[in-house]
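Below you'll find the structure, written out as structure tokens, and then a few comments.
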Amino acid sequence: MMNIPFPDLRPVTPEIIMTISATVLLILELIFKNKGVLAFIAVATAAVVLYTIPSSHGQTFGGMFISDTYSTYFKLIFMINLVLTILISLRYIQREKAEYGEYYSLLLFATSGMMLMASAKDLIILYLGLELMALSTYILAGIKRHDIKSNEAAIKYFLLGAFSSALLLYGISLIYGMTTTTDIYKIAASLQNSSTPSLPLLLSMILIAAAFLFKIAAAPFHMWAPDVYEGAPTSITAFMSVGPKAAGFAVIGRVFYIAFQSIQTDWTAILIGVAILTMAVGNILALVQTNIKRMLAYSSIAHAGYMLIGIIPGTQESMSAMMVYMLIYAFMNIGAFAIVILLEKGEELSDYEGLSKSRPLVAALMLIFMFSLTGIPPTAGFIGKFNLFMAAIKAGYTWLVVIAVMFSAMSAYYYLRVVMNMYMKEMKEEAAITPSPSLGLAILITVLMVFVIGIMPSVVIG
Amino acid sequence: MDKYLLIPLLPLIAFTINIIFGKGIIKERAHWIAILAVLGSFAIAVSTLIEVLNGKTINYDVYSWIVSGSFKVTVGFLIDQLTAIMLIVVTSVSLLVHIYSVGYMHGDKGYYRFFAYLSLFTFSMLMLVMGNNLLQLYFGWEAVGLCSYFLIGFWYEKKSASDAGKKAFIVNRFGDFGFGIGVIMIFLTLGALHYTDIFAKVGTLQGQTINILGYNIDLITLIALLLFCGAVGKSAQIPLHVWLPDAMEGPTPVSALIHAATMVTAGVFMVARFNPIFSLSETAMNVVALTGAITSLFAATIALVQNDIKRIVAYSTVSQLGYMFLACGVGAYGAGVFHLYTHAYFKALLFLGAGSVMHAMAGELDIQKMGGLKKHMPVTYWTFLIASLSIAGIPGLAGFFSKDEILWLAYNHGTIGKIVWLMGTAVAALTAFYSFRIIFMAFHGKFRGTHEQEHHLHESPKAMTIPLIILAIGAISAGWVGIPAALGGSNAIAHFFEPVLGHPHVTAAHEEEFMVMSISIVAAIGGIFVSWIFYSLKPEIPKTLAAKFKGIYTTLWNKYYVDELYGFIIVRPTKWIASNILVAVTDGKIIEGIVNGVPQAIRNFGERLRKLQTGHLQHYAVSMAIGLFVILTLVLIAAGR
Amino acid sequence: MVPLDWYIGLSAVIFVIGVVGFIIRRNILIMLMSVELMLNSVNISLVAFSHYLQDLRGQIFVFFIITVAAAEAAIGLAILVALFKNKAAVHTDEITEMKG
């Protein structure tokens, strides 16, 4: 008689709560006609999860799952992302006639997937988390099911996503064949002995990298992002531009630094090339956009490029700078999307012409987010970039930072074009807005954080 | 929270509240918040001064924003003798101007906005004087400039007002450009931004030179002169003085606070603050002294013939600021700051008095149309008279002691000192003359305006007269802290400043000091006397003189044609270049190639790149596959297989 | 006994067939099948490794992959049905509303 010990569930409590709540929401959806209740439960769940995360440190499931400070930090970003997305969704999905009960449930499932990814110490868990996240977001991207653009976004995201996870799996199978294990730390130990990297190892690393780079929308695996961001409901665009990206960075950090430590020079070289290409593609293509969601999609590609600069040097400082940047990015990007949502017609750049005259406050808020995305002090965006670039310079990547700063300067052109449209152009028609308390709260939180971090960087650094 | 932080913070809070809630909720009650805030700042400033008097100096970083090696961006306070006096000047004048504005701005549609800006200005000015590092000084410097721009153009519907705001802003760019380079040079050469670090290290630069276009230039002189550029712009010295008289388009309380008592003196404050740097370069010191003396004389002569009451006072401000630089240039920083402090009171009083007159005259500024206002507005008259006596340098009043200290120390400063002393004494006579010209023309004699105006004449409300009276007390007594030893005083203020600003060692006897003093008293009384003859006894004399010396008169009346000169040598060529050469070159596709070409090329490239994003799912998948393939190939090549 | 290399070779061939199928076929259903092919090639190699390395992990992983693949197919088909309702299209070159 085999004796299987019952696993220690404490480290995995947050994920369990999240998943149970997501399941319960599916049932409650039948009971409550008012979907606001579901949103409230979802936010409450996020609060409870946030409360349980710090006390969950440890490993479980035979070391397949780890909860440490690294995962805790990313889970914090996921919770912020979740709560802000719910806040900006409430009124918006009513307006877009996409108020299905499973909306909130899927958000919770997607977030559980991200949490699993951040905590995965084993590639199996990592894959399951990634799929849980991805499958939920495919549906969310297409949740406006009567809208052809939303359908198109979903099908594109789905097919390319499935393709990329197949690449990931092939990479994992190769590494399993080489090391007899899927545990990230044991892979590292097993690869330590081999002096020169073998072809299968490099192939496996590249396949895995491709899948992760797909998730963070880095060039040349970025092409799904603009179409999907444009077609998906704006609230989901906001969600996708932060959550999966953060999860992607979380796994890149863990898998590459630990499992592929022995071939660090190889993957660093790849990431440098990818980072430069990503910044170039993101910034150059953002310049020529006329749709603001598409522009923000390219801008999010560009930001992924900046964040890769945090991964490349491989120092403690640069890694934490990348994580801080991710947090700052979450606030400023969701803030910008919240303004897009606030306006009844706000998806085209021309919709912003003369906004300062008809809606001075809305224009001022948008200005703040655009300044922050550009990286103008005293906003958080400046602190994020300064921190990230300084860390890279200290690690000896000055030339890479020079390139990044050049692209960053280029980015001012398209962010400030929104500002120009708002302040310099004549108003064509009075801009209508659909305010709601929850959306107001989300904007308040994001704008406050943009300033608090911008003025007191010590709250996030160190 | 420590109390020093509250000094600038209170006005900032008042600004935030007023700007957010002013339009909807607060409206006509905006002044309460602003006044209470600045009153609080004033109270703390007084208690801080008492601490400093007891020998305490405060220097600490409140908050570190970004720290990266020696590049530290911090908010910190250095409160020593110099700062303590500046705090008192700024908060007290600001408080009185706030109170005065309640009456003056009553019923204006931008009432809350006005008080919000005043609070923001007060905050910025306090940050400027309290800072313990260069970046904070620079931040405050630009922030007060910005507030000044807002407040000059406060009535932005009026074209002249918004033009004057722009002019002030643009002219200040020239000075601030130099100042900015100076700041960068200090950081590059000394690697420090905090005053204490800079002053500790500045000695190491002595004798070092920097090669610019083949000339070896002394590094310290260069830095000092670059810093002085900023001061020239902000404190309206030649050749950047042109913005200040135009700035009188703003509301009069603004002129009193920003363009007389506080912001324009920031240049003097900065030179005094950086005295360890300036003192190391004799060339820079002489430049400062001569710039000050020439500006002083130049502005005083212009003031002689102007008829706009606010412009006369504005030129008088330029002239008095020149006096302060003159003092700094001869090493008498303490005397310069002493004059800054007394000047703040009598000059603010002159402006507020002028504002009171304008209030009664329904906005009329021309003193030729006034006259006999004495009996209609006695409080304004008497306070204005006190201020004029003070600025003229009549013994016993504030202006006398500070002016005398400057002249005496200049007199003892070698040849250059003798020259500027002579100029300063001449200025003293001219100052007395034009100040009393206002008194005699506006307040004495018969009313020369329209009947309607005469009917309307009245004393201003209490909210305006009480600040006048308080300032008059200041204009009388502010100088009593600096009674020189020759008159049996202790010159307390000079000893007070000595630890920070030093004090020139003077060995000359008291008799000599009495002589210098007598000369300036004679000059002052003479000026007043001539003014009395010209404008009260025999009013036909000025006209005859003007007709006789027509050339001089018109030159003065047109302010030496400096505006026209700038229009000719800067504005017109710029416009000409813009409209002819630039357009021509653009047609020739040269500038376009550089200015528009690069962004356009990137855009074109982007448009082309955009074509790759076809919307076809296949193409996206192919891009991923090709990406994979290329990466794999490159890695394999790199790995040498 | 069949050597490991043969399994790996088979797996690689099927994987490449899947990739090529995904890239060149425009019918969404066939693309979906190509992805399934890729997943199954991974399953083959995992099971083969598992057997030769005498480690159960690989086979466990295969179960997970099969489960996920089923979920994936369900979701993919659902999205396709939603798309088909709005626009009778199953070819990718007909769904290029968004580009640039």
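Brief remarks on what is shown
- Residue B:537/residue B:564 FRET efficiency (R0 35 Å; Cβ-Cβ; nearest 0.05): 0.50
- For chain A, leaving out every one of the trypsin sites (Lys or Arg not before Pro) that falls in a DSSP loop and has at most 13 other Cβ atoms within 10 Å, the longest unbroken run is A:98-344.
- From the alpha carbon centroid of segment C:67-100 to that of segment B:339-403 is 83 Å.
- In terms of other Cβ atoms within 10 Å, A:453, C:95, B:470 run from fewest to most in the order B:470, C:95, A:453.
- Distant-in-sequence amide H partners of residue B:74 (H built 1.01 Å from N, under 5 Å): B:65
- Gap separating the Cα centres of segment A:195-256 and segment A:97-173, nearest whole Å: 12
- Net charge, residue B:238 excluded, C-beta distance under 15 Å - Lys, Arg +1, Asp, Glu -1: +1
- Least to most buried among B:89, B:171 (fewest other Cβ within 10 Å first): B:171, B:89
- Semi-axis lengths, Å, segment C:4-94, gyration tensor of Cα atoms, sqrt of 5 times eigenvalues: 31, 16, 5
- The Rg/Rh ratio for segment A:350-413, using Cα coordinates for both the radius of gyration and the Kirkwood hydrodynamic radius, is 1.15.
- Given R0 = 41 Å, the distance between the Cβ atoms of residue B:508 and residue B:23 translates into a calculated FRET efficiency of 0.10.
- Sorted peptide list for B:183-194, A:368-379, criterion being average Cβ within 10 angstrom, highest first: A:368-379, B:183-194
- In terms of other Cβ atoms within 10 Å, A:71, B:235 run from fewest to most in the order A:71, B:235.
- Sorted from greatest to least, the principal axis extents spanned by the alpha carbons of chain A come out as 72, 58, 42 Å.
- In summary, the helical segments of chain C meeting the span-like criteria, namely a full DSSP H run, a Cα extent along the axis of 18 angstrom or more and a mean Kyte-Doolittle hydropathy of at least 1.6, are C:4-24, C:57-86.
- In the protein assembly as shown, taking the dipole from charged Cβ atoms about the Cα centre, the farthest positive-side position among A:367, B:567, A:332 is held by B:567.
- Cβ neighbours within 10 Å from other chains - mean over B:606-614: 6
- When both segment B:47-69 and segment A:317-386 are represented by their alpha-carbon centers, they are found 36 Å apart.
- Charge sum, other residues only, whose C-beta stays under 10 Å from residue A:426's C-beta, Lys/Arg counted +1 and Asp/Glu -1: +2
- Here the spin labels are modelled as points 7 Å beyond Cα on the Cα-Cβ line, and at residue B:142 and residue B:447 they lie 5.1 nm apart.
- Of C:32, C:81, C:60, farthest towards positive along the dipole that unit charges on Lys, Arg, Asp, Glu beta carbons give chain C: C:81
- Using a simple spin-label model with pseudo-atoms 7 Å out from Cα toward Cβ, residue B:638 and residue B:199 lie 5.4 nm apart.
- Working from label points 7 Å from Cα in the Cα-to-Cβ sense, the residue B:574 to residue A:94 distance is 5.4 nm.
- Given 12 as the ceiling on other Cβ atoms within 10 Å, longest exposed-site-free region of chain A for GluC sites (Glu not before Pro) in DSSP loops: A:1-343
- Dividing the mean sequence gap of close Cα pairs (under 8 Å, 6+ apart) by how many residues chain A holds gives a relative contact order of 14 percent.
- Efficiency of FRET from Cβ geometry, residue B:57 and residue A:185, R₀ 56 Å, rounded to 0.05: 0.45
- In segment A:10-459, taking the dipole from charged Cβ atoms about the Cα centre, the farthest positive-side position among A:213, A:289, A:172 is held by A:289.
- Across peptide C:79-91, the mean count of Cβ atoms from other chains lying within 10 Å of each residue's own Cβ comes to 5.
- Mean projection of the Cα convex hull over all viewing directions, computed for segment B:323-393: 5.3 nm².
- Point-charge dipole on Cβ atoms (K/R +1, D/E -1) for the protein assembly as shown, about Cα centre, debye to 20: 1700
- Taken over the protein assembly as shown, the convex hull of the Cα atoms encloses 210 Å³ per residue.
No value in this document is a laboratory result; all are computed from the given coordinates. Being a predicted model, the structure only gives us computed values, none of them experimental. Because the Cβ atoms are built from the backbone with ideal geometry, glycine has one as well, and the counts that use them run over all protein chains shown.
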